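S.K.: There's a structure below that I have some questions on.
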Amino acid sequence: MDRRKFLISSLASSALMAAAPALSAFSETAPASDMLSPALQQKLAHDPLRPQFHLLPRHNWMNDPCAPRYYKGEYHMFFQYNPDAATWGDMHWNHATSPDLVHWKHMPLAIAPTPGSFDSFGIFTGSVLPGMEQATVLYTGVTKSTPERETIRGGGLREVQCLATSTDPDLRSWNKLDKPVIDGPPEGLKVTGFRDPCPWKDGDTWYLLIGSGFTGKGGAVLLYSSKDGRNWSYLHPLAQGPWSGPVPGKTDPVDTGEMWECPDFFPLGDKHVLLYSTERKVYWNVGVLDRKEMKFHTEKQGLLDHGFYYAMKSMEDAQGRRVLWGWVEEHRSDEALRAAGWAGCMALPRVLTLAPGNELRMDVPAEFASLRRNTQVLPPPGAPADMTPTADQIQHAMATMRIEDRAGEVVCVFKPGDGTSTLELQPNEGGAPLVSMVYNGDIAAPALTIAEKKLKLTPDKAGFSTIHVWLDGSVIEILVDNREAITLRDYSPAGGDIQISLSGDAASLRSLSVSGIKPISSDRLTT
Ligand code: FRU
């Protein structure tokens, strides 16, 4: 998202909000997303680029996941949403629920800006405030500012941290506190932004991180503590990073690492993990929380995804797994988004664990296997477990392997050799491949190049690597050895089935499995 546009839309949206109903009316009203004309509904249901097994709103724009949680037997996902258009602006929290992380039901809009108040310019990203008697969330409210207090550079706007509670068993409606719990950055700090609260509870103390940064120095997460979850005291930065310096034409501090947004922080195994988004990338840091000094020390760092994946947020699921959600961004023009009538979706959830060497491991939950259909495998069922398919067998099998309706999954296991091999997903009606994955036979540092990005391979003990691809309309998510990930978009209009092809050193392929994936709704409305 372009921050220039962000500011302009913020200001423009104030005009829209003048006509918006009061907050109390929002929870009663049918959601804007229910009011699809039959013509729009038809158009969305037949848009081949619209995902069929990823969560997305019925129409219009979405971005960051907010406050995902398991509550009273159901999963709840809130997310950044513009009820007025398929482009960013007028930020609300939309809401969907799921019994199983896979199937979703759309709920009414959850939290809307209150005209004339501390959040009248937007309900930005936030998190669950754990350990409270009532379901509670913290979110960033955006409001008008004097130049001295502004936290969004050049926007005449400032960010404050707000609290809302719900007494509904299905978390349908939310009551806001009548004033922010944190009304601005700590006195005397020259910050580059102040948003996206991420709290946790340790004993009888709550802690809170806020995405921020220091002008001319670099991104940071600011740490606060509280004894009641409402009165917060600033402590210090929990962690901070370097600024890459000014870049001509880039004024948004996020673009140069001068501001970190959407922090997430949680224990994993015997370590802690800090995630944040900056420079349009998402980073993971595995390290140690020094509980005495309340400082986080990174031991290992990596990119969580090399593609169009941003602003992630995690939760603990019903089985105690740490599940990560992220926003799949678009990269087509606003004009194209408006014409499509929708923008953005939620990435497939990823279960996070620590891999040997304290690297982050990501697995799509096994629950998604229930959506597979028409699975075709090579070697064929019943073949000896250690059979290596011949080039002829591979070509023969691939000639019949198909993904219909752009919804499918490919799992490819191979043993990197000296040669180069290329695995492609290609429309059978012709046209450019949707994705090309090139193994470049550098045994010392085996890597897979996808969309000009070099992803490190981490072969298993037997030397095998696994590429896992999910294709859903225009969304392509790829996990490599469950360590590296890349999320791609392909907007090519080519219809027909998608074929799999392998060229180059066929001897490297050990097994291949291609499945269709069942849609989670009959009309691509994902509910
Ligand atoms: C990240 C982000 C957040 C902010 C939200 C606004 O995508 O910029 O920092 O809260 O989007 O929609």
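The values are calculated or read from the model by the stated rules, or taken from the named source; none is laboratory data. Here the structure is a predicted model, which is why all the values come from computation and not from measurement. Reconstructed Cβ throughout: ideal geometry from the backbone, glycine too, with neighbour counts over all protein chains shown. These accessible areas exclude ligands, DNA and RNA; they are computed on the full protein's heavy atoms, side chains included. Shrake-Rupley method; radii C 1.70, N 1.55, O 1.52, S 1.80 Å.
S.K.: Give the range 431-448 a look and list any residue that's within 16 Å of residue 420 (Cα to Cα) and either of a type in the set (Gly, Ala, Ser) or open to solvent by 40 Å² or more (accessible area, probe 1.4 Å) (or both), or say none.
M.R.: Listed by number, the residues that qualify are 436, 438, 440, 441, 442, 443, 444, 445, 447.
S.K.: Taking the range 273-295 as the region of interest, how many residues are on the phi > 0 side of the Ramachandran plot and among the aliphatic types (A, V, I, L, M)?
M.R.: 1
S.K.: Now, a different point. Do we find a residue being of a type in the set (Ser, Thr, Tyr) and either outside any strand (DSSP E or B) or surrounded by 17 or more Cβ atoms within 10 Å (Cβ to Cβ) (or both) anywhere in the range 470-479?
M.R.: yes
S.K.: Sticking with this structure for a sec: So which of 277, 244 ends up being out of contact with any strand residue (DSSP E or B) (no Cβ under 7 Å at 6 or more places or on another chain) and of a type in the set (Ser, Thr, Tyr)?
M.R.: Result: 244 is the single residue among 277, 244 that is out of contact with any strand residue (DSSP E or B) (no Cβ under 7 Å at 6 or more places or on another chain) and of a type in the set (Ser, Thr, Tyr).
S.K.: If you don't mind, another one. Could you tell me whether residue 510 is farther than 30 Å from residue 285 by Cβ and outside any strand (DSSP E or B)?
M.R.: Criteria not met by residue 510.
S.K.: Right, something else. Of the residues 258, 293, which single one is surrounded by fewer than 20 Cβ atoms within 10 Å (Cβ to Cβ) and out of contact with any helix residue (DSSP H, G or I) (no Cβ under 8 Å at 6 or more places or on another chain)?
M.R.: Criteria check complete, one pass: 293.
S.K.: Give the number of residues within the range 220-255 that are touching a residue at least 60 places away in the same chain (Cβ under 8 Å), surrounded by 18 or more Cβ atoms within 10 Å (Cβ to Cβ), within 16 Å of the ligand (Cβ to nearest atom) and over 26 Å from residue 350 (Cα atoms).
M.R.: 2
S.K.: Applying the selection to the range 261-282, what residues are open to solvent by 10 Å² or more (accessible area, probe 1.4 Å) and not charged (D, E, K, R)?
M.R.: Once the filter is applied, which keeps residues that are open to solvent by 10 Å² or more (accessible area, probe 1.4 Å) and not charged (D, E, K, R), the range 261-282 yields 265, 267, 268, 269, 272, 276.
S.K.: While we're looking at this one, here's another question. Applying the selection to the range 125-151, what residues are open to solvent by less than 10 Å² (accessible area, probe 1.4 Å) and hydrophobic (A, V, I, L, M, F, W, C)?
M.R.: Passing the criteria: 129, 135, 137, 138, 142.
S.K.: For the range 490-523, which positions are open to solvent by less than 20 Å² (accessible area, probe 1.4 Å) and in contact with an Asp or Glu (Cβ under 7 Å, 6 or more places away or on another chain)?
M.R.: Answer for the range 490-523, where residues must be open to solvent by less than 20 Å² (accessible area, probe 1.4 Å) and in contact with an Asp or Glu (Cβ under 7 Å, 6 or more places away or on another chain): 515, 516, 517.
S.K.: Looking only at residues in the range 370-389 that are assigned to a loop (DSSP other than H, G, I, E, B) and aliphatic (A, V, I, L, M), which one is farthest from residue 416 (Cα to Cα)?
M.R.: Ranking the candidates gives 383 first.
S.K.: Go through the range 190-204 and count every residue that is more than 16 Å from the ligand (Cβ to nearest atom) and either in contact with a Gly (Cβ under 6 Å, 6 or more places away or on another chain) or open to solvent by less than 20 Å² (accessible area, probe 1.4 Å) (or both).
M.R.: 1
S.K.: Hey, could you check the range 275-313 for residues that are within 20 Å of the chain's Cα centre (by Cα) and away from the ligand (no atom under 16 Å from the Cβ) and say which is farthest from residue 233 (Cα to Cα)?
M.R.: For the range 275-313, the residue satisfying everything is 306.
S.K.: Kindly indicate whether residue 320 is more than 16 Å from the ligand (Cβ to nearest atom) and farther than 23 Å from residue 243 by Cα.
M.R.: yes
S.K.: OK, next. Would you mind telling me which numbered condition in (1) touching a strand residue (DSSP E or B) at 6+ places or on another chain (Cβ under 9 Å); (2) open to solvent by 10 Å² or more (accessible area, probe 1.4 Å) residue 56 fails?
M.R.: (2)
S.K.: Could you grab the pairs with beta carbons closer than 6 Å, sequence gap of 6+ or different chains, first residue in the range 256-280 and more than 18 Å from residue 356 (Cβ to Cβ) and outside the structural domain of residue 67 (by TED's automatic domain parsing), second one open to solvent by 10 Å² or more (accessible area, probe 1.4 Å) and within 10 Å of the ligand (Cβ to nearest atom)?
M.R.: Pairs found: none.
S.K.: Of 89, 73, which residue is more than 13 Å from the ligand (Cβ to nearest atom) and on the phi > 0 side of the Ramachandran plot?
M.R.: 73
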